[in-house]
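Take a look at the structure set out below.
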Amino acid sequence: MVEVGNRIRALREGMGLSLRDLAERSGVSAPMLSQVERGDTSPTLSVAAKIASGLELSLSQLLRLDEGGSVSVVRSGARLRGGGARGHSYEIVTPGLPGQRAEVSLHVLKPGAATGGQDDPPIHEPGARETAVVTAGRLQLICDGTTYDLDEGDGVTFDADLPHHFENPDGTESRFFAVVAAGLRRS
């Protein structure tokens with residue numbers, strides 16, 4: 001059970017939780033969690049289910065029962081695609097795995113196009129953070145009413161649960177990768 005203990009520790013730390021935080025969220029004592037993480041004891045299914053719940057996962061996600069392996073490849077032709085309206089298209093580069101806390105997408109904006117409007121509600125969960133890297137052209141990020149100019153190669157990170165969208169102010173196509181990570185807001 002050292003493997004599940006290491007996984008619990010990695011997930012807990014990835015969520016920024018202390019042992020006490022996870023104990024409060026799961027109803028499993030901090031000393032018991034510490035023993036499980038070190039591999040000193042194996043949790044019962046009942047305890048493992050409580051820990052999974054505290055980590056916002058199902059038991060099968062915690063134990064990786066619903067995964068086919070430790071590596072997932074998404075081929076270019078198999079990506080989920082969307083958009084197209086208003087000159088914005090995107091592809092989801094990451095696989096849709098249970099418990100996945102981040103998503104990578106590739107966006108293309110035609111000249112003058114935008115990812116959304118000023119009045120569109122945020123589509124990301126509370127606490128989400130987004131990082132975008134411009135790979136071609138120029139972009140403007142409008143986040144919470146402030147405009148940020150971005151050139152090819154520039155990167156930006158922001159609280160993705162704030163009202164925001166990207167615009168292409170140029171006469172050429174813009175491309176950027178966006179990574180949205182759940183529940184990582186620092187402010």
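Readers should treat all values here as calculations from the given coordinates under stated rules, not as data from a laboratory. Computed from a prediction, not measured in an experiment: that's the story for all the values here.
Specify whether the C-alpha gyration tensor of region 2-62 places it in the rounded, prolate or oblate class, a ≥ b ≥ c being the square roots of the eigenvalues: rounded for a/c under 1.5, otherwise prolate if a/b is larger than b/c and oblate if not. Judged from the Cα gyration tensor, region 2-62 comes out rounded (a/c under 1.5).
By the gyration tensor of its Cα atoms, with a ≥ b ≥ c the square roots of the eigenvalues, what is the shape of the chain: rounded for a/c under 1.5, prolate for a/b over b/c, or oblate? Present the calculation step by step, with values, prior to reporting the outcome.
On the way: a/c = 3.12, a/b = 2.14, b/c = 1.46.
Prolate, because a/c is 1.5 or more and a/b exceeds b/c.
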